Amino acid sequence: MYFMLRDGWHCQFLEADLKTPLPRKLTFTHPQKIIELAERGGCNMNLEGRQALNHGIENGRGGIWLLLKDEQYRQLKNV
């Protein structure tokens, strides 16, 4: 997942090739929602992962690896 601050926090999901975007996009008003999404999406939230996520939020853009369940992936793929 790639996220960027521009009139809200825009989140875009990519396939494993990191080139092909999935159709569903999300926008949040608060960066806490990105952290919650990362936790629900299976992002490694150890110290290193949390620091990388916080660094991206502080910079206004970043990306994280999600380990989605089949149902979560289907929801992102089918709009």
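Quick notes on this one:
- Residues that are farther than 12 Å from ILE57 by Cβ, surrounded by 13 or more Cβ atoms within 10 Å (Cβ to Cβ) and in contact with a Lys or Arg (Cβ under 9 Å, 6 or more places away or on another chain) within the stretch 12-40 comprise GLN12, PHE13, LEU22, ARG24, LEU26, listed in sequence order.
- For the stretch 27-42, a residue qualifies if it is over 9 Å from the mean Cα position of the chain (by Cα) and not charged (D, E, K, R), and the qualifying residues are THR27, PHE28, THR29, HIS30, PRO31, GLN32, GLY42.
- Hey, GLY56 at pLDDT 95 or above and either at positive phi or polar (S, T, N, Q) (or both) or not: no
- In the stretch 56-70, the residues that are out of contact with any helix residue (DSSP H, G or I) (no Cβ under 6 Å at 6 or more places or on another chain) and closer than 23 Å to ALA16 by Cβ: GLY56, ARG61, GLY63, TRP65, LEU66, LEU67, LEU68, LYS69, ASP70
- Pairs with Cβ under 8 Å, 6+ apart, first in the stretch 1-28 and free of Cβ contacts under 8 Å to residues at least 60 places away in the same chain and outside any strand (DSSP E or B), second of a type outside the set (Gly, Ala, Ser) and surrounded by 14 or more Cβ atoms within 10 Å (Cβ to Cβ): GLY8/PHE28; GLU15/LEU22; THR20/LEU14
- Test: residue in the stretch 44-61 that is among the aliphatic types (A, V, I, L, M) and in contact with a Ser or Thr (Cβ under 8 Å, 6 or more places away or on another chain): no
- Residues satisfying the stated conditions in the stretch 29-41, i.e. outside any loop (DSSP other than H, G, I, E, B) and either touching a residue at least 60 places away in the same chain (Cβ under 8 Å) or of a type outside the set (A, V, I, L, M) (or both): GLN32, LYS33, GLU36, GLU39, ARG40
- Per-region count, the stretch 42-55, residues assigned to a helix (DSSP H, G or I) and either in contact with a helix residue (DSSP H, G or I) (Cβ under 6 Å, 6 or more places away or on another chain) or not charged (D, E, K, R) (or both): 7
- Any hit, the stretch 42-62, residues being in contact (Cβ under 8 Å) with a residue 24 or more places away in the chain and surrounded by fewer than 12 Cβ atoms within 10 Å (Cβ to Cβ): no
The values are calculated or read from the model by the stated rules, or taken from the named source; none is laboratory data. Since we're looking at a predicted model, the values are computed, not measured. In this analysis, Cβ positions are derived from the backbone assuming ideal geometry, glycine residues included, and neighbour counts consider all displayed protein chains.
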